[in-house]
Amino acid sequence: MRGMEADEADLRGRGDTDPGRADPRGAEPSETEPYETEPHGTGPRGQGHTGPRRTDPRGAGGWWRRKSSPAKVETYTRWSFHFFALAEFTAVGVPLGSGVWRGSLLWLPLIMAVHCVLSAVTASRALDWTRGRRPRPVRLMATFAVLTAIVAAVALATSEHGPGGEAAGTAAGGVFGVALVFAACVTTLGVRGWRQALAVVAGHSVGAGALALLLGAPGPAVLASIAAVLVGGGFMATTSVFSVWLLDTVYRLDEARETRARLAVAEERLRFGRDLHDVMGRNLAVIALKSELAVQLARRGRPEAVEQMIEVQRIARESQREVRDVVRGYREADLGVELVGAQGVLTAAGIDCEVRGEVGGLPADVQSALGWVVRETTTNVLRHGDAGRCAVEVRVTGGKVVLTVENDGADGGGSAGDGTAAGGPTGGGSGLAGLAERLRKVGGTLEAGSAGAGVFRVVAEVPLVVEGAVVSEVAS
């Protein structure tokens, strides 16, 4: 039984080098790369998840690179709406240098500045609501709506009846339109669906017309106000709705990739369980039956009990051998199959994967060892960093098979010193350390580390002895 226990221990020690086991939520990082598990985003309506994220030794300078892809999209969206608030104030504050805002009119751009700040805060809280991190900011949105109405009313009154002449009236009219258009944009973030978004735009347009009528604006001016707010607010509201939809879609795609990885793990476990059941089910039933028969024969003093126990021993040894075969088959990896699988998985994950080289004719033990390298590196590319490109090359040169895997998701955090070389970690550990152990069994070496700005490279070399000749190189 010691041999079977060793096989089972090796099976447990192999970690999650299967690409199907690239579960970003619970996997352990490889020994060659420093990672920490931190929240990197939340799903729609507050379904949070965590995942390993690279720690950047350069400190806060790599905060953008450390973000996951959905977190980057969210940050871009959030700061876009903050920029809208800045653009709103810029559109109003441009005439400041022309001397239009002076005297009693100076307070109008000041109150507009307060409106812009509240606009940025409301947009941020509304985005948090769309991600499920906080309740809908109803009170904040109501406050923002009241302030918008006050700004619009005062601006329109200044435009129609205030001091400062025609230039001041034109500038105040611009404040009126800009405030309502950007208010429609921000308020749309706090509603769901196109119908509610259209209702927000229509409400701001009708409000603009109502204010114009109350303050005695002529009919053409009223219609112009309604049309300007309807067109401008509609465009900005469409931008808000599309931004929220895009953000939700990105998070859902990220969650779908994680779900696919977990399903692959579950499917592999079921397959392995079925194999063990097929192998062990019948044999264990026979062992139980013959053991019971041997007990009955022994109680009667019959010598046939010894023969039955010998048969039980034989079946147990056969079961041990069959379990070893199952485990060995579970551990073996075909290099060609692994390359095709890695390319398919990475491509499905949105990573451009290029595979070069031929593996035909390579010995089975060499293919198995290098196949595990492909599995582990594929797992790391999916689980760690934020790679956009991965290149895999297999070549035979100088009597050795060289497998090179490069990806651009290293964040610059890896180093050769962190890598696993031939004389690195020992034992049957998981990750790249376990791969180094496997390669040493066939006389190979493994090197992993940084290969430039943001590039992480894994190079595995296995000696190749070809009967009759040495292959110079496999086409690459």
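Overview of values
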quantity: Search result, residues across region 209-242 that are among the aliphatic types (A, V, I, L, M), surrounded by 17 or more Cβ atoms within 10 Å (Cβ to Cβ) and without any contact (Cβ under 8 Å) to a residue 24 or more places away in the chain; calculated: 221, 222, 224, 226
quantity: Where a residue in region 369-393 is without any contact (Cβ under 8 Å) to a residue 24 or more places away in the chain and its partner, wherever it lies, is open to solvent by less than 10 Å² (accessible area, probe 1.4 Å) and not in a helix (DSSP H, G or I), with Cβ under 7 Å and at least six apart; calculated: none
quantity: Pair list, Cβ < 6 Å and 6+ apart or interchain, from region 333-361 residues that are open to solvent by 30 Å² or more (accessible area, probe 1.4 Å) to residues that are among the hydroxyl-bearing types (Ser, Thr, Tyr); calculated: 356/476
quantity: Matching residues in region 105-155 - criterion: being within 18 Å of residue 189 (Cβ to Cβ), open to solvent by 80 Å² or more (accessible area, probe 1.4 Å) and either over 27 Å from the mean Cα position of the chain (by Cα) or small (Gly, Ala, Ser) (or both); calculated: 117, 138, 139, 146
quantity: Selection status of residue 308, closer than 27 Å to residue 368 by Cβ and at pLDDT 85 or above; calculated: no
quantity: Meets criteria (open to solvent by 50 Å² or more (accessible area, probe 1.4 Å) and either at pLDDT 85 or above or over 26 Å from residue 378 (Cα atoms) (or both)) for residue 322; calculated: no
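Rundown of residues vs (1) among the hydrophobic types (A, V, I, L, M, F, W, C); (2) without any contact (Cβ under 8 Å) to a residue 40 or more places away in the chain; (3) open to solvent by less than 10 Å² (accessible area, probe 1.4 Å); (4) under 17 Å from residue 154 (Cβ atoms), yes/no style:
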position	(1), (2), (3), (4)
173	no, yes, no, yes
184	yes, no, yes, no
188	no, no, yes, no
192	no, yes, no, no
197	yes, no, yes, no
200	yes, yes, no, no
207	no, no, no, yes
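The values are calculated or read from the model by the stated rules, or taken from the named source; none is laboratory data. All values reported here derive from a predicted model rather than from experimental measurement. Neighbour counts are summed over all protein chains in view; Cβ atoms, including those assigned to glycine, are modelled from backbone coordinates with ideal geometry. Keep in mind that these areas ignore ligands, DNA and RNA; they rest on the heavy atoms of the full protein, side chains included. Shrake-Rupley method; radii C 1.70, N 1.55, O 1.52, S 1.80 Å.
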